[in-house]
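Working notes for the structure below.
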Amino acid sequence: MHAPIEETALYNAALSSILPFAADDGSGSGEFHGPSLSDFYPPAIFFEGTAFEMNRIMIIRLLVTAVLLLLFWMGTRRMRLVPGRGQSVLELAYGFVQKNIIEEALGVKDGKRFAPILHAMFFFIIGMNITGIIPGLNIAGSSVIGLPLVLALVSYVAFMYAGIKKHPAAFFKNALFPPGVPWPLYFIVTPIEFVSTFILRPVTLTLRLLMNMVAGHMLLVLCFAATWFFFFNLGGLYSLFGVGTLAFGFIFTLFELMVAALQAYVFTFLTAVYIQLALAEEH
């Protein structure tokens with residue numbers, strides 16, 4: 001899969017208008033190479049041309065999944081009454097998600113029912129997000145639409161399941177026909193409720209996560225690529241600009257770390273809220 005040529009050309013043209021040195025002609029002539037949409041469509045590494053084709057982002061996703069499974073296995077294989085260091089860290093992270101996300105939105109009783117899927121969602125998202133600032137990986141596993149879309153569909157299925165199981169006959173009625181509304185207004189309210197509940201929820205979950213990761217990657221690549229360019233290609237007084245872009249690079253790295261955690265929190269909390277709304281007697 002390759003980035004659309006038109007979008008890449010427009011992006012590079014816009015970047016060149018902002019930074020006079022930002023010209024990426026692919027010639028290797030020492031000109032500045034800024035971030036582009038092609039970063040999110042790397043070439044295949046394994047099984048090219050098959051249904052199992054794997055590029056760098058797919059490998060990062062598999063790596064994160066393996067690391068998460070290994071960490072939780074190592075942290076929980078020998079549970080003790082007095083926890084060790086690894087168990088303490090996992091219990092602290094687990095307790096944060098349980099108390100501040102799940103029970104905050106769903107309460108204790110319903111929180112226990114949906115805790116497995118919400119815990120898995122939080123740690124999986126934060127793991128995928130944080131790869132964007134890890135040297136050698138340098139791109140978030142959630143920065144291509146496939147993964148955010150799958151996670152949004154999981155959220156969608158979860159709240160649909162919760163509502164239909166709790167109110168088999170009344171779920172769609174409660175969602176589409178809010179009580180207390182004069183019946184003529186249902187001609188306006190019902191289509192709005194349908195779009196906002198059953199269409200916009202997964203769409204906004206997908207785009208919020210995707211766009212934050214894409215923007216973060218673009219900023220980091222721009223800062224560090226500009227640093228390299230000012231220091232090693234232009235040199236001289238231009239190195240002073242490199243000091244500034246390097247400082248901004250480190251600042252944006254810390255900011256991206258915060259965004260990675262925040263987006264995992266927001267995605268998981270909104271999923272819990274949607275489940276709670278589906279379980280409510282009346283919306």
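I'd like the residue in the stretch 220-253 that is among the β-branched types (Val, Ile, Thr) and either in the same structural domain as GLU31 (by TED's automatic domain parsing) or crowded, with 16+ Cβ neighbours inside 10 Å (or both) and, out of all such residues, is nearest to HIS33 (Cα to Cα).
Only one residue fits best here, namely VAL221.
Would it be correct to say that VAL89 is assigned to a helix (DSSP H, G or I), of a type in the set (Val, Ile, Thr) and closer than 27 Å to VAL214 by Cα?
no
Output the residues belonging to the stretch 233-249 that are among the hydrophobic types (A, V, I, L, M, F, W, C) and out of contact with any helix residue (DSSP H, G or I) (no Cβ under 7 Å at 6 or more places or on another chain).
Correct list: LEU234, LEU237, LEU240, VAL243, ALA247.
Do you know which residues across the stretch 139-171 are surrounded by 15 or more Cβ atoms within 10 Å (Cβ to Cβ) and more than 23 Å from ASN212 (Cβ to Cβ)?
MET160, ALA162, GLY163, LYS166, HIS167, PHE171 - these are the residues of the stretch 139-171 that are surrounded by 15 or more Cβ atoms within 10 Å (Cβ to Cβ) and more than 23 Å from ASN212 (Cβ to Cβ).
Of all the residues that make up the stretch 121-138, how many are part of a helix (DSSP H, G or I) and touching a Leu at 6+ places or on another chain (Cβ under 9 Å)?
So the count comes out to 11.
Exactly one condition in (1) without any contact (Cβ under 8 Å) to a residue 40 or more places away in the chain; (2) surrounded by fewer than 20 Cβ atoms within 10 Å (Cβ to Cβ); (3) more than 13 Å from the chain's Cα centre (by Cα) is not met by MET258; state its number.
Here MET258 meets the rest and fails (3).
Are there any pairs with C-beta distances below 9 angstrom linking a residue in the stretch 182-196 that is within 14 Å of PHE172 (Cβ to Cβ) to a residue that is surrounded by 11 or more Cβ atoms within 10 Å (Cβ to Cβ) and of a type in the set (Gly, Ala, Ser), with the two at least 6 apart or on different chains, and if so which?
Hits for this filter: GLU193/ALA175; PHE194/ALA175.
Could you tell me how many of the residues in the stretch 30-48 are out of contact with any Leu (no Cβ under 8 Å at 6 or more places or on another chain), of a type outside the set (Ser, Thr, Tyr) and part of a loop (DSSP other than H, G, I, E, B)?
7
Residues in the stretch 151-201 that are small (Gly, Ala, Ser), touching a helix residue (DSSP H, G or I) at 6+ places or on another chain (Cβ under 8 Å) and either over 30 Å from GLY127 (Cα atoms) or at pLDDT below 90 (or both): how many?
Residues in the stretch 151-201 being small (Gly, Ala, Ser), touching a helix residue (DSSP H, G or I) at 6+ places or on another chain (Cβ under 8 Å) and either over 30 Å from GLY127 (Cα atoms) or at pLDDT below 90 (or both): 1 in total.
Whether any residue in the stretch 94-107 is over 22 Å from the mean Cα position of the chain (by Cα) and either among the aliphatic types (A, V, I, L, M) or under 21 Å from ILE130 (Cβ atoms) (or both) is what I want to check.
Yes, the stretch 94-107 contains a residue that is over 22 Å from the mean Cα position of the chain (by Cα) and either among the aliphatic types (A, V, I, L, M) or under 21 Å from ILE130 (Cβ atoms) (or both).
Hey, can you tell me all the residues within the stretch 75-129 that are farther than 26 Å from LEU62 by Cα and buried (at least 20 other Cβ atoms within 10 Å of the Cβ)?
Result: ILE101, ILE102, ALA105, LEU106, GLY111.
Just the residues that are part of a helix (DSSP H, G or I) and of a type in the set (Ser, Thr, Tyr), please, taken from the stretch 49-77.
THR65, THR76
If the Cβ limit is 7 Å and pairs must be 6+ apart or interchain, which residue in the stretch 159-179 that is in contact (Cβ under 8 Å) with a residue 24 or more places away in the chain and under 17 Å from ALA272 (Cα atoms) pairs with which residue that is of a type in the set (Ser, Thr, Tyr) and surrounded by 15 or more Cβ atoms within 10 Å (Cβ to Cβ)?
Correct list of pairs: PHE159/TYR274; ALA175/THR197.
What are the residues in the stretch 89-138 that are in contact with a Ser or Thr (Cβ under 6 Å, 6 or more places away or on another chain) and under 23 Å from GLU256 (Cβ atoms), if any?
Within the stretch 89-138, ILE101, MET121, PHE122, MET128, ASN129, ILE133, LEU137 qualify.
Taking the options LEU92, LEU137, name whichever one is assigned by TED's automatic domain parsing to the domain that holds LEU209, more than 19 Å from GLY216 (Cα to Cα) and at pLDDT below 95.
Unique residue meeting the criteria: LEU92.
The values are calculated or read from the model by the stated rules, or taken from the named source; none is laboratory data. Only a predicted model underlies this, so the values are computations on that prediction, with no experimental measurement involved. Note that each Cβ is placed from the backbone with ideal geometry, even for glycine, and that neighbours are counted across all protein chains shown.
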